[in-house]
1. List, please: which pairs have Cβ atoms under 7 Å, are six or more places apart or on different chains, and start with a residue in the range 410-434 that is outside the structural domain of I320 (by TED's automatic domain parsing) and end with one that is of a type outside the set (V, I, T) and part of a helix (DSSP H, G or I)?
2. Any idea how many residues of the range 191-203 are over 13 Å from G218 (Cβ atoms) and either without any contact (Cβ under 8 Å) to a residue 12 or more places away in the chain or among the β-branched types (V, I, T) (or both)?
3. For the range 393-405, what are the residues that are charged (D, E, K, R) and either buried (at least 16 other Cβ atoms within 10 Å of the Cβ) or part of a helix (DSSP H, G or I) (or both)?
4. Select the strands (runs of 3 or more DSSP E) contained entirely in the range 209-266, then report the ones holding at least 3 residues which are among the aliphatic types (A, V, I, L, M) and buried (at least 17 other Cβ atoms within 10 Å of the Cβ).
5. Would you mind stating whether V274 is farther than 22 Å from I145 by Cα and surrounded by 15 or more Cβ atoms within 10 Å (Cβ to Cβ)?
6. Of the numbered conditions (1) under 19 Å from E142 (Cβ atoms); (2) of a type in the set (K, R); (3) surrounded by fewer than 21 Cβ atoms within 10 Å (Cβ to Cβ), R197 fails exactly one; give the number of that condition.
7. Considering the range 141-155 alone, what residues qualify as being over 18 Å from the mean Cα position of the chain (by Cα) and buried (at least 18 other Cβ atoms within 10 Å of the Cβ)?
8. Condition test on P165, is it in the same structural domain as L212 (by TED's automatic domain parsing), out of contact with any Lys or Arg (no Cβ under 6 Å at 6 or more places or on another chain) and buried (at least 16 other Cβ atoms within 10 Å of the Cβ)?
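The values are calculated or read from the model by the stated rules, or taken from the named source; none is laboratory data. All values reported here derive from a predicted model rather than from experimental measurement. Reconstructed Cβ throughout: ideal geometry from the backbone, glycine too, with neighbour counts over all protein chains shown.
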Amino acid sequence: MDGIKKNAIYDIDVTDLNNLGYGVGRIGDLVVFVAGAVDLDRVTVKIIKIAKNYAVGRLETILTPSPHRLPVPDPCPARGCGGCAYRAITYAHELELKRGTVLAAFRRAGLPDAKVAPVLSTGKTEGYRNKAQYPVTGTSDEPVIGFFAPKSHRVTDARRCPLQPALFGEILDEIARQIRQYKIAPYDEETHTGLLRHIYLRSSKEEKEVLLTFVLNGDALPHADEVIRELTARFPALVGIGVNYNREKTNVICGDEYRTLWGKDGITDTLSGVELSFSAASFYQVNRDAAERLYGKAKEIADFKGDETLLDLFCGVGSIGLSMADAVGRVIGIEIVPDAVRCANENARANGITNAAFFAGDATDTEKLLSGAEAALGEPLSPDAVVLDPPRKGCDEKLLAFLSKKKIPKIVYISCNPETLARDVAFLASRGYVFSEITPVDLFPRTAHVETVCRLFRQ
């Protein structure tokens, strides 16, 4: 390693910025990662770790700032959570990096000729999230509410996270006051003691409706009547308050059981012209306005002819399928979460959409994937098109093999992980599918994540 020493000081040129927010440079042949550095910075660093193939440097001085660096540092009251990997750079450069992330993923998957469009964005970089799950630690006298610091189980105070609506922070302040007043014990994950594990907030557009869930390591919320009365008096946007029971020693946030203490068990929002109701347990895109751009692009590239049977897999509360229902003959949705299936069918009825139906099913169980829907409909299904919106791990290879064996003419693939999207597109390409230009959509500004959509069709 050319004599590089721990605690030594070096001047380096930063040539790249990775998706964890670390600037990347070199000392000789050794890669050095520097938190807080930006590509095209020249910086002084102190080496704090040396591994076999890389080193980690602590930023000491910015000798020459990058043209991508914001002239005034973006103030963040939630310093220490590490979620905003791109907080120090201009938003225009962030979008360039995200497009590069998608390109690099397809190259690694063996698809170097993939065409990637510029990133679609609403331009809004703060207050865009409609969902947040805050761990609670500390003591009842000094509760800490926020997010986990990087690579740790230490919670850093993030009540004023700029990505969340300001109203969320105000609600958290009131809950912190109640924790102190009513001596509600925060959870301690090391000893598996304490009661309040997480505070879970969801909202509709412009926070017209807010749903609050307390995640408990126990049976009941102390002084629940007083807690509810005080919260609802101060925050008229609250339409439902409930609890989730998670008594397991696990890092999974929510358990399987929810109970409504007051008000409604869900909230209502409008997305792509469709009114959607969803519960705390149901999936719903965290950036509503950007999701409209994503779904609009998906519908555009699908190029439906009007009479197709569309299979909506991982359908959640039906947001994608219902937004496309007016362009196809019928929509059949499959979702593993029963509560989301209930919401999806209720959403179809509430919107007067009669050509959509949603069923419970596991997309990884291909032998039974369509059986529940076929039994209910009394006919076999031969989808003309499929829309996929899987979790970050992507699609199970069995599902992709099933779709290719069925010779589905058209697949619209929405993904929150470019790596698994590229992997799955490569698999389908090996089975005779051709893919269109890939379009990234920025649903998660200031973070390293990017949503992506593309169309595949059989030759």
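1. none
2. 2
3. Let us first name the residues in the range 393-405 that are charged (D, E, K, R), namely 393, 396-398, 405.
Of everything in the range 393-405, those that are charged (D, E, K, R) and either buried (at least 16 other Cβ atoms within 10 Å of the Cβ) or part of a helix (DSSP H, G or I) (or both) turn out to be D396, E397, K398, K405.
4. Working: elements: 210-216, 238-245, 257-263.
Hits in the range 209-266: 210-216, 238-245.
5. Details: farther than 22 Å from I145 by Cα: yes; surrounded by 15 or more Cβ atoms within 10 Å (Cβ to Cβ): yes.
Taking the combined requirement at face value, the residue satisfies it.
6. Single failed check for R197: (3).
7. P143, V144, I145, V155
8. On the way: in the same structural domain as L212 (by TED's automatic domain parsing): yes; out of contact with any Lys or Arg (no Cβ under 6 Å at 6 or more places or on another chain): yes; buried (at least 16 other Cβ atoms within 10 Å of the Cβ): yes.
Answer is yes for this residue.
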